[in-house]
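What follows draws every value from the coordinates through simple rules; no lab data is involved. What you are looking at is a predicted structure, and each value in this text was computed from that prediction instead of being measured. Cβ placement follows ideal geometry from the backbone for every residue including glycine, while neighbour counts extend to all protein chains displayed.
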Number of protein chains: 2
Amino acid sequence: MSDIKTGINPLFLREEELRQGIELLFFAYRDFTAEPDAILGEYGFGRAHHRVIYFVGRHPGITVSDLLEILRITKQSLSRVLGQLVTEKFIVQRPGVRDRRQRLLELTEKGVELERLLTERQRARIARAYREAGAEAVEGFRKVMLGLVDEAGRGRFPARAAGPRRGA
Amino acid sequence: MSDIKTGINPLFLREEELRQGIELLFFAYRDFTAEPDAILGEYGFGRAHHRVIYFVGRHPGITVSDLLEILRITKQSLSRVLGQLVTEKFIVQRPGVRDRRQRLLELTEKGVELERLLTERQRARIARAYREAGAEAVEGFRKVMLGLVDEAGRGRFPARAAGPRRGA
DNA sequence: GTGGTTACGTCAGTCATGTTGACATATATG
DNA sequence: CATATATGTCAACATGACTGACGTAACCAC
């Protein structure tokens, strides 16, 4: 009983600590997506469109199957969203050179503009949080976040140099 | 800034750094929710049910309007999910004492069990990430995550002691 | 105690985004 | 040539959001 008040019971603290982590994830994600969502609404798009635009912008020439792997949705789900983006000329598809079955995806100039508009809000939010927290905290943030990602997905994030890099 | 460390193109690195932050949020959240989602499926529930169960468990006796404020959804959306949870006896409602218009929400024993089952996976994931990253990294994680939350929502998270606590 | 506000519920319709399953086409590969 | 792969498409369905309108009970101020 009095452990609660005094904060001596380590099990309680651990529980509280972990629940705070859970909630930070929830609230940060909720607020992180709210701004772009509002903008997307004006275009008749949703969050799914943002994700597609984002990752196509990030990986120009990405294949459909690689995009599916990132998003972890079915091709039918992607199809609707991607179809709209292609129809409305935010994204173009061109056949692969080595493998002509592939439809490599790229943003059009219009697509790049929308991507910038949407992501800018998120970038600014992260930049502010990073700036206020300081470089050391950012390093810790990265470590913990990476630990939350499934083992299989961590390859996407390059290991950071421990100290200043000397050569190339 | 820490751009100095790398001594290459600071603007590019900053861009890259921020995009990594964006992606960490996406992938961490994606993987963080995947496990409970799978369990929820067995109950015929979805992620929305988890959120309700979680926050009712976290704040026993919470009012409907406070819950709405946390979730940032409409009462009609909540109604369906909450209705199911009440019908299936995971949650009970009792009228407020001071204000009898309120329907204060609480988990039943069944509800507590399901909450535990669901949240346990997330707690374990966070615990692992915290353990692997170390106490200092956790502190940084918290700082950055809190900075990502809208100013208005930060009150929920108590400010932490600046350093190691020496006595009371 | 009447009247306005608040807390909550409900009916009805719509939309975005996910799912499964089946089938089609073009290309690559052995 | 046969089979596997990359992608697309049609159809049906579930979840969880939304808006708008309306209803009821309880609180509160005058």
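Can you give me the C-alpha center-to-center distance between region B:67-120 and region A:40-74, rounded to a whole angstrom?
Value for the Cα centre distance between the two parts: 34 Å.
Given label points at 7 Å from Cα along Cα→Cβ, what nm distances, shortest first, separate A:His59 from the same residue in every other copy?
3.9
I'd like the mean, over residues of B:62-75, of how many other protein chain beta carbons sit within 10 Å of each residue's own Cβ.
Values: counts 0, 0, 0, 0, 0, 0, 0, 0, 4, 2, 4, 0, 0, 0.
Shielding by partners across B:62-75 averages 1.
Show me, for region A:17-27, the HN-Hα J-couplings you get by feeding each phi into the Karplus relation (A = 6.51, B = -1.76, C = 1.60, θ = phi - 60°), rounded to Hz, glycine and proline as x.
Going residue by residue, I get 4, 5, 5, 4, x, 4, 6, 4, 4, 4, 6 Hz, with x marking Gly and Pro.
Relative to the longest principal Cα axis of chain B, at what angle does helix B:47-58 sit, 0 to 90 degrees, rounded to 10?
80
Hey, for A:Leu117 with labels 7 Å out along Cα-Cβ, what do the inter-copy distances come to in nm, ordered shortest first?
Result for A:Leu117, in nm, nearest copy first: 4.6.
Using a cut-off of 18 Å between alpha-carbon atoms, which aspartates and glutamates can reach B:Lys75, once sequence neighbours fewer than 8 places away in the same chain are excluded?
Excluding near neighbours in sequence, the set is B:Asp66, B:Glu106.
Using a Debye calculation, one point per C-alpha and no hydration shell, please list log10 I(q)/I(0) for region B:14-82 at q = 0.29 Å⁻¹ in order.
-1.19
Report, to the nearest 10°, how far helix B:135-148 tilts away from the longest principal axis of the Cα atoms in chain B, using its own Cα long axis and a range of 0 to 90°.
The helix B:135-148 is inclined about 70 degrees to chain B.
Considering only the label points, 7 Å along Cα→Cβ from Cα, what distances in nm to one decimal separate B:Arg160 from the same position in each other copy, shortest first?
Distances between equivalent label points, in nm: 1.5.
Calculate for the protein assembly as shown the 222 nm mean residue ellipticity that helices alone would give, adding -39,500 (n - 2.57) per DSSP H run of length 4 or more and normalising by residue count, nearest 500 deg cm²/dmol. All intermediate terms of the calculation are to be shown ahead of the outcome.
Values: 14 runs with 219 residues, N = 336.
Calculated at 222 nm, the ellipticity per residue is -21500 deg cm²/dmol.
Which GluC sites (Glu not before Pro) from region B:86-162 combine a DSSP loop assignment with at most 16 other Cβ atoms within 10 Å? Show your work: numbers first, answer last.
Working: sites: B:Glu88, B:Glu106, B:Glu109, B:Glu113, B:Glu115, B:Glu120, B:Glu132, B:Glu136, B:Glu139, B:Glu151; in loops: B:Glu88.
Those satisfying the criteria are B:Glu88.
Using Cα atoms only, what is the angle between the long axis of helix A:109-133 and the major principal axis of chain A, expressed in degrees (0 to 90) to the nearest 10?
It is inclined by approximately 10 degrees.
Shape verdict for chain A, please, from the Cα gyration tensor: rounded (a/c under 1.5), prolate (a/b greater than b/c) or oblate.
Numbers: a/c = 2.16, a/b = 1.80, b/c = 1.21.
Note, shape of chain A comes out prolate.
Hey, could you get me the Stokes-Einstein D for the protein assembly as shown, Kirkwood radius over alpha-carbon pairs, 25 °C and 0.890 mPa s, rounded to whole µm² s⁻¹? Walk me through the numbers before you get to the answer.
Numbers: Rh = 22.2 Å.
So the translational diffusion coefficient is about 111 µm²/s.
Counting only other chains, what is the mean number of Cβ atoms within 10 angstrom of the Cβ of each residue in peptide B:125-134?
Mean inter-chain Cβ contacts per residue within 10 Å come to 6.
Note down the relative contact order for chain B as a percent, whole number, built from C-alpha pairs under 8 angstrom at least six residues apart. Spell out each step's value before the answer.
Values: 108 pairs, mean separation 31.3, N = 168.
Answer for chain B is 19 percent.
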